[in-house]
1. To the nearest 0.05, what FRET efficiency results for Leu213 and His46 with a Förster distance of 41 Å applied to their C-beta separation?
2. Would you work out what percent of the accessible area of the chain, with all protein chains in place, is carbon or sulfur (probe 1.4 Å)?
3. Would you list which lysines come within 17 Å of Lys251, measuring only between C-alpha atoms, while excluding same-chain residues fewer than 8 positions from it?
4. Once you sort the root eigenvalues of the Cα gyration tensor of the chain as a ≥ b ≥ c, which label holds: rounded (a/c under 1.5), prolate (a/b larger than b/c) or oblate (the other case)?
5. Restricting to DSSP loop positions (anything but H, G, I, E, B) with no more than 11 other Cβ atoms inside 10 Å of their own Cβ, which chymotrypsin sites (Phe, Trp or Tyr not before Pro) remain in the range 89-143?
6. Order 52-61, 216-225, 251-260 from most to least packed using the mean count of other Cβ atoms within 10 Å.
7. Which value, in Å², gives the accessible area per residue of the range 105-153 when a 1.4 Å probe is used on the protein heavy atoms?
Amino acid sequence: MYVANTYYILIFMYRHYSKPFFPKLEGLDKFPAEHLIHSHAYRTPHPYANYIVLIVGGGISGKDITLELSSVAKEIVWSVKQPCAGDYPSNVNQYPCIEKIEDRRTVYFADGTHKNVDKIILCTGYQYLFPFLDDSCGFTVVNQKKIWPLYKNTFNAHHPTMAFMGMMKPLTFIYRDLQVMWILKVWLGLQQIPSTNEMVADCKYDTHVVGMLELYKELATLCEMPTPTSSFAGVLMQHFEKVYFNHIISKRYSYHLITSEHWISYVN
């Protein structure tokens, strides 16, 4: 039973990591279910001790779980779209994308190689699901990765009294803070947003993934808040460059802001 209420403004706090995305891989449905999980269900490395584990995905979860399991697993078979840089342990072997899975445990890769595995962890991200959105809201869900048109990843371009928080990636609390400031300024009449046509034309992102520094500067400007200092911007960019391109090294670094223009980084 549903109870209908009418509201003049709506704001949705979106949860990115609630609905796992399971890729369509030939033969995956035949793999023993008790040995197959999504990273969303991963908790501890102990069940994987002395096993050959296939990890699918080279994002942050894939990198973190690969490193953690390497200390207990017999071997990590890591399927990634692009090779991941870094001095990974000797029992971690990178492979290209998966072509198919046969015989309930044999994995065939795009380069023609194959490998027998005991367990699989899918680090393949999450879906954007909006079962509560009616067509009258004016949204289109694109490839389960974005809703369109969402102006600056925040306002419904067709109905700007509806706003979404936390849609963008990567996501940190500081962005939510700036985002809610901007939403309140608009709804309190302290700041104007463009016309519907202008907002729709501005919704150019293929996904809600945007540049960290670009997003920070944009939200700060919209909120009429100070933009990031040179030192903070430098730390932000260097840290995320290490996270994405050399994940192992990133965990060893700390940063110290000295002035608005200067900062240092050091290895712990």
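1. Details: r = 39 Å, r/R0 = 0.96.
Using R0 = 41 Å, I get an efficiency of 0.55.
2. Numbers: 8580 of 15370 Å².
Answer for the chain is 56 percent, counting heavy atoms of protein chains only.
3. Lys63, Lys242
4. Details: a/c = 2.62, a/b = 1.44, b/c = 1.83.
Taking the square roots of the gyration eigenvalues as a ≥ b ≥ c, the chain is oblate.
5. Working: sites: Tyr108, Phe109, Tyr126, Tyr128, Phe132, Phe139; in loops: Tyr128, Phe132, Phe139.
For chymotrypsin sites (Phe, Trp or Tyr not before Pro) across the range 89-143 that sit outside H, G, I, E and B with at most 11 neighbouring Cβ atoms in 10 Å, the list reads Phe132.
6. Values: 52-61: 21.7, 216-225: 16.6, 251-260: 11.8.
Highest-to-lowest ranking by the protection proxy: 52-61, 216-225, 251-260.
7. Details: 2340 Å² over 49 residues.
Normalised by residue count, the accessible surface of the range 105-153 is 48 Å².
The values are calculated or read from the model by the stated rules, or taken from the named source; none is laboratory data. It should be emphasised that the depicted structure is a prediction, and the values quoted were computed from it without experimental measurement. Neighbour counts run over all protein chains shown; Cβ positions are idealised from the backbone, glycine included. SASA here: full protein model, heavy atoms, side chains in, ligands and nucleic acids out. Shrake-Rupley method; radii C 1.70, N 1.55, O 1.52, S 1.80 Å.
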